[in-house]
Structure formats: C-alpha cells, structure tokens
Amino acid sequence: MTTYKQMLSTITEDAKLTMELVEKDMPKPESDEIVVRVDATPINPSDHGVMFGAADVTASETKDGKLIAPIPEQAMGRMKGRLGQALPVGNEGAGEVVAAGDSDYAQSLIGKTVAVMGGGMYTQYRCVKAAMALPLNPGNTAKQGASSFVNPLTALSMVETMRMEGHSALVHTAAASNLGQMLNRICKADGVDVVNIVRRDEQAKLLKDMGAKYVVNSSTDSFMTDLTDAVDETGATLAFDATGGGTLASDILTAMEMAAARTPGTYSIYGSTHHKQVYLYGSLDMSVTTLTRGYGMAWGVGGWLLPNFLAKAGKEAGARLRKRVADELTTTFASHYNHEISLEEALKPETAKAYNAKKTGEKYLILPQK
C-alpha cells in the first residue's frame, strides 16, 4: 500500500465547513518515530471542536462524498483563526505498529499494539514519535485501547488536581458519561468521595447501580437541597463541570457555601474561608456562564485542560498515570461503544447529527480499516 485515507476539516470564507477524506502518501518514519495502523479511534466530545467548529451540523449535507455544513454568520468571527486550513481530526486511537525508525525503542515496538494521543487519528495510518505511544499489555486489543488517553487520563488527573490543590472530595457534572463512570471507579478504589450531578433518573440509577453513593439530579425541584446535603456530607470544595454554560457552576459554588455555613460559629460577611473551586473542562452548554456571586470571596471559576495539567504535573506523574491506565484498561478504564462506523460513514449527515448530539450512553468508535 502506497497511500492511505485521512479525515480533514476545513472552514472557508463563504461560511461553510467541509469534512472529507483525502489520499495521503504512506509516511516514512524518522529514527525515533513509528507508523501505527489505526484500527480503532473514538469520537469524543473534545473532538467536535476541530471536526465542526461552529457549524450547524443539523443542516449538513453530503456532496461528492464530503460533509458540508453551514456556519451561522454571527459565529464566523470565532472561526477566523482557522479559515482555509485543512485540519486533521481525532485526538486518540490505537492499532498495530507496522513500521519504525532505526532507534532501539522505535524498533522494539514493531508488531505491538499501542495507544496514541497525537491528533489526526481519524486516519488509516499515523506516524508519531515512539515516545508518544502507550504499549498495551499483552492480550489487549486496539478496540480496548482506543480510548486510553482522553477519558482515563482526564479522570485520573481530576483526582490528582484534587490532591495537589488541597481538596478532599469532588463534584462532577455530566456524571453518567463514560468519563464519569471511570471517575467513580477511580474514586471508589482510592477512597475518594465524589458527588455526581446528572440530569435524568435513568442516569442516576446507572451510577447507583455501579455503587455511587452521592448522586443528585439537576432536573428535580429538590436539586439545590440535595446538592448541598451531599456537599456537606463529603466536604467537597472542588468541582469539574462538563457543561460550561448556564448557572450550574454558580449553583455548585452556592451549595458549597451553604454547606460551609452549616458549621456553627463560622459566619463572616466575606463568606467561608476555605477556597471553593469549579473548573470548566467542557462545553456541552454553549450559552453564557452565569455567576450569581452569592458565595463569599474565597472561590474561583476557571478553565481546565488535560494537556495543560499533564505539563504542570511533570513527566514522572504522567508516566505513573499512563501505567495505571495500561494496567487497568479492561476494568477501571473500560470503555463501551454503542456504534462502530467507518471513516466514510462518519461523514454521512445522519450519522454526524447522531454523534454530534453527545447523548449519554451513545458512544461512537471509528474503525478506519473498515
């Protein structure tokens, strides 16, 4: 084989998004590089930004095998930085190493199944630095290892952040997601309390059936009371919010402040003294983030991104977390997919609309060799 297919996403000045498969020449690895035959790669919410930008996927269509979607005029200002650029898509994936450079380590990976987080993974072959690959343990498959980085390392890094910043328990939103389920398994194993916020009763049941102790439903009338009770019992002063927009981050800070106020003799016009922190790490809700500021002065809301945290934590911490993922790939960090599709199927409007909806329990896996 001399060529392979790769998915690219381009936004043009006429306010259109184009996603297409292009033919590329087979890569030739440098000394410290490997070529991975990508056998499985997931569609994560974090992939959607590059895939679609601000495009209206509900109005997409197919033309000459390409997915075409319009971009609302008011959103084009945010897209200026990527106009005309054909961007590779896909954060992570896994497959067999089929070629390698002449370095000892690169050569040692030939024939092994590895997971990779190198971007541009919606492709049939990917050339990366050998050091970027995570060799899977014997017996683990590419499908099992396809989601070895984004969700597992995010969940582990949330707990690491908690410890590094002096907190003792967590609050997590969109908690019934694959990532949320992993976080619950980690916290259960590590003896960490986590307050799970969901939107539907069936999501609450899913987590409780897994053994989650603290689950609150944001769609109920008793949400704030239930959340405050759970925060009070756990002492959680750190939260990770996947929604981003709306009032949820503010609601969590309010619950933390209300829980702190239950301790006798702690009243102050400036609120509780223990720092309360909410990190926004997702954008399931694209509306404005609204803060009511009824929680004193010891609080913070900020962005949180996995690569930034790993860079801050250092190589030793990163290696420790990656080893745990490899060792617990089929237990703590097991991912489950409802749909397996080809690269071509990922460009069909009806399929794109389905996975762009980001519904809990609807996980898509691309099989580039299909």
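The values are calculated or read from the model by the stated rules, or taken from the named source; none is laboratory data. Please read all numbers here as calculations on a predicted model, not as lab measurements. Every residue, glycine among them, receives a Cβ derived from its backbone with ideal geometry; neighbour counts consider all protein chains shown. All accessible areas refer to the heavy atoms of the entire protein, side chains included, with ligands and DNA or RNA removed. Shrake-Rupley method; radii C 1.70, N 1.55, O 1.52, S 1.80 Å.
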What do you reckon, is Glu316 open to solvent by 70 Å² or more (accessible area, probe 1.4 Å), modelled with pLDDT of 95 or more and assigned to a helix (DSSP H, G or I)? no
Identify all residues within segment 101-123 that are closer than 19 Å to Pro138 by Cβ and surrounded by 16 or more Cβ atoms within 10 Å (Cβ to Cβ); write none if there are none. Leu109, Thr113, Val114, Ala115, Val116
Working only within segment 157-180, note down all residues that are of a type outside the set (Gly, Ala, Ser), within 17 Å of Ser335 (Cα to Cα) and buried (at least 24 other Cβ atoms within 10 Å of the Cβ). Leu179
When you look at Leu310, is it open to solvent by less than 60 Å² (accessible area, probe 1.4 Å), part of a loop (DSSP other than H, G, I, E, B) and over 30 Å from Thr273 (Cβ atoms), yes or no? no
Taking the options Val215, Val195, Val231, name whichever one is of a type in the set (Val, Ile, Thr) and open to solvent by 10 Å² or more (accessible area, probe 1.4 Å). Val215
Among (1) open to solvent by 60 Å² or more (accessible area, probe 1.4 Å); (2) of a type in the set (Phe, Trp, Tyr); (3) closer than 21 Å to Asn356 by Cβ, Phe52 falls short only on (1)
Using the structure shown, decide if Thr331 is open to solvent by 70 Å² or more (accessible area, probe 1.4 Å), of a type in the set (Ser, Thr, Tyr) and under 28 Å from Lys188 (Cβ atoms). yes
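For every residue, the table says whether it meets (1) open to solvent by 50 Å² or more (accessible area, probe 1.4 Å); (2) assigned to a strand (DSSP E or B).
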position: Thr10; (1), (2): no, yes
position: Met19; (1), (2): no, yes
position: Lys28; (1), (2): yes, no
position: Ile34; (1), (2): no, yes
position: Arg37; (1), (2): yes, yes
position: Ser46; (1), (2): yes, no
position: Leu67; (1), (2): no, yes
Can you tell me how many residues in segment 260-272 are touching a Ser or Thr at 6+ places or on another chain (Cβ under 8 Å) and either surrounded by fewer than 16 Cβ atoms within 10 Å (Cβ to Cβ) or modelled with pLDDT of 95 or more (or both)? 1
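Restricting to segment 254-281, count the residues that are within 16 Å of Gly303 (Cβ to Cβ) and out of contact with any helix residue (DSSP H, G or I) (no Cβ under 6 Å at 6 or more places or on another chain).
4
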Considering each residue of segment 226-285, count those that are without any contact (Cβ under 8 Å) to a residue 12 or more places away in the chain and either β-branched (Val, Ile, Thr) or outside any helix (DSSP H, G or I) (or both), and give that number. 7
Out of Thr290, Thr243, Thr263, report the one residue that is in contact with a Leu (Cβ under 7 Å, 6 or more places away or on another chain) and of a type in the set (Ser, Thr, Tyr). Thr243
Looking at Glu61, Glu73, Glu92, Glu96, which one is loosely packed, with under 14 Cβ neighbours inside 10 Å and either closer than 16 Å to Ala346 by Cβ or in contact with a strand residue (DSSP E or B) (Cβ under 8 Å, 6 or more places away or on another chain) (or both)? Glu61
Can you tell me which of Leu207, Leu179 is closer than 15 Å to Lys359 by Cβ and of a type in the set (A, V, I, L, M, F, W, C)? Leu179
Return the residue satisfying two criteria in turn: it lies in segment 336-363 and is outside any helix (DSSP H, G or I) and free of Cβ contacts under 8 Å to residues at least 24 places away in the same chain, and of such residues it is least open to solvent (accessible area, probe 1.4 Å). Ala357
